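In what follows, a single structure is set out as structure tokens and then discussed.
The values are calculated or read from the model by the stated rules, or taken from the named source; none is laboratory data. In this text the structure is predicted, and so the values were computed from the model without any measurement. Because the Cβ atoms are built from the backbone with ideal geometry, glycine has one as well, and the counts that use them run over all protein chains shown. Heads up: the accessible areas ignore ligands, DNA and RNA and are worked out on the full protein's heavy atoms, side chains in. Shrake-Rupley method; radii C 1.70, N 1.55, O 1.52, S 1.80 Å.
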Amino acid sequence: MTTIGLGMPAARRAAPDTAGRPEVAGLLDRHGRVARDLRISLTSACSLRCTYCMPAEGLPVVPRDELLTAEEIARLVQIGVRDLGVHDIRFTGGEPLLRPDLAEIVERSARVAAGASLALTTNGIGLEKRIEALLAAGLTRLNISLDTVDRDHFARLTRRDRLPAVMRGIDAARRAGIAPLKINAVLMRDTLEGAADLVAWAIEHGVELRFIEQMPLDADEAWVRDNMVEAAELVAALAPRFALSHPHRDDPHAPAETWLVDGGPHSIGIIASVTRSFCAACDRTRLTAEGTVRSCLFGDDETDLRGLLRGGADDAAIADRWRAAMWNKQAGHGMSLEGFRRPARTMGAIGG
Ligand code: SAM
Ligand code: SF4
């Protein structure tokens, strides 16, 4: 696939090949999986510069008229839920709180997504000013990303001294009664040392902590397979302070494996995206902020829906194009295969 500037893959404007696809309503792929979990990126701009995600200078600015509007997002949400069987929706980015119209996006989406969950993944900066409006608009779930509770370490990791701002966002979410409040931490060699403190903090604050193995989606391309921290190494590193036991999956599609801490009732999640890939059970479909369907984090073959939306296509035509895009979803991320290539987009430009 050719790429156009800024690391963005060229979006396919014609329908992808659907030879062999049975006439079914949902987002079925050639490997028998059906996508029901929709991730929508709202922007690739961000208030932080996490080293495992963004370049120090940030990603290039996408012109505002290239971003989907609140109305366009809600129309795609409606098609996804009503016609394609989507039942979980998550807004992400970049940093979704940088969209001034975030509450409007949630509100318009909630109106047309009856029965579906509406979640947000955020770094939490500025959340205290927005949380009430987001909940009133219909937000049902919230994940906040936090890799360390040490201020200096946070500043190094995110290239911004903003830990107090993130903590204000987390406090506001807890006060607003969001339960469970999920906290995402990326597992890196650099974060291993502070991991036990993060677990202690999570237990003390009654939040659900999940560690995620780092994937090769960093703009700096510093990820090296031989040096990445695997889930097993985290379990060993926590052992002097916490005994983890009884790993289990609450739901077969859930990427996180839950481990009891010191025999329970507290637990933490570990998402072993690299070492125990869950691609065979993947039920995700993604929309980039510019309105392309991306069937896999690691697949650069993108299909444009924005052109159809702006060109006056009806819902049936948009649903058909979306189905066709998903039919061609690749079997897996292929990270362990010889010849694996990183995708052109990095995490902040895809939407994690
Ligand atoms: N800015 C928001 C945030 O940080 O929560 C939303 C976007 S961020 C890309 C979504 C999630 O992806 C975050 O939990 C982040 O930690 C995770 N992430 C970013 N880069 C990653 C990488 N290279 N490997 C694994 N997870 C990553
Ligand atoms: Fe921003 Fe989230 Fe990426 Fe960190 S992980 S740089 S907060 S988009």
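Structure data summary
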quantity: Globularity ratio of region 50-90, using Cα Rg and 2.2 N^0.38 Å; calculated: 1.67
quantity: Cβ-placed point charges (K, R +1; D, E -1), dipole of the chain about Cα centre in debye, nearest 20; calculated: 500
quantity: Percent carbon-and-sulfur accessible area, region 283-324, ignoring ligands, DNA and RNA, probe 1.4 Å; calculated: 44
quantity: Amide H contacts under 5 Å for Leu27, placed H, 5+ residues apart; calculated: Ala35
quantity: Gaussian network model of the chain, Cα within-10 Å springs - most flexible of Phe242, Phe278, Phe211; calculated: Phe242
quantity: Under the Karplus curve 6.51 cos²θ - 1.76 cosθ + 1.60, θ = phi - 60°, whole-Hz ³J(HN,Hα) for region 219-236, x wherever Gly or Pro sits; calculated: 5, 7, 6, 8, 4, 10, 4, 5, 10, 6, 8, 8, 3, 4, 5, 5, 4, 5
quantity: Protein-only accessible surface order, largest first, of Thr148, Thr346 at 1.4 Å; calculated: Thr346, Thr148
quantity: Accessible-area composition of region 94-170, carbon plus sulfur, in percent [1.4 Å probe]; calculated: 49
quantity: Student exercise, region 1-157 dipole from Lys, Arg, Asp, Glu Cβ charges, in Debye to nearest 20; calculated: 280
quantity: Solvent-accessible heavy-atom area per residue, rounded to whole Å², over region 52-174 at 1.4 Å; calculated: 41
quantity: Amide H contacts under 5 Å for Leu38, placed H, 5+ residues apart; calculated: His87, Asp88, Ile89, Arg90, Thr285
quantity: Label point distance in nm, Thr275-Arg175, each placed 7 Å from Cα along Cα→Cβ; calculated: 4.0
quantity: Computed Kirkwood radius, in angstrom, where 1/r is averaged over Cα pairs of the chain; calculated: 20.7
quantity: By average C-beta atoms within 10 angstrom, highest first, the peptides 69-81, 163-175; calculated: 69-81, 163-175
quantity: Longest to shortest principal axis, alpha-carbon extents of region 213-352, angstrom; calculated: 60, 33, 23
quantity: Positive-end residue of His266, Ala133, Trp201, charge dipole of the chain with Cβ unit charges; calculated: Ala133
quantity: Helix 315-327 vs. the chain, principal-axis angle (Cα, 0 to 90°, nearest 10); calculated: 60
quantity: Value at 222 nm in deg cm²/dmol, rounded to 500, when DSSP H runs of n ≥ 4 in the chain each add -39,500 (n - 2.57); calculated: -8500 deg cm²/dmol
quantity: Hull shadow area, averaged, region 16-106 [alpha-carbon convex hull, nm²]; calculated: 7.9
quantity: Kirkwood Rh, Cα atoms: Rg over Rh of region 54-193; calculated: 0.99
quantity: Computed Kirkwood radius, in angstrom, where 1/r is averaged over Cα pairs of region 175-238; calculated: 13.0
quantity: Distance between modelled label sites at Arg156 and His87, nm, 7 Å Cα→Cβ extension; calculated: 4.5
quantity: Farthest positive-ward along the chain dipole, Cα basis, beta-carbon charges - from Ile318, Asn143, Val166; calculated: Ile318
quantity: Nearest-ten-degree value, helix 102-112 long axis tilted from longest Cα axis of the chain; calculated: 60
quantity: Over the chain, relative contact order from alpha-carbon pairs under 8 Å, at least 6 apart, %; calculated: 25
quantity: Sequence-distant residues sharing a close amide H with Ile271 (under 5 Å, placed H); calculated: Phe211, Ile212, Glu213, Glu257
quantity: DSSP-defined antiparallel bridges as percent of all bridges, region 186-281, nearest 5; calculated: 60
quantity: Surface per residue (accessible, 1.4 Å probe) for region 203-337, Å²; calculated: 41
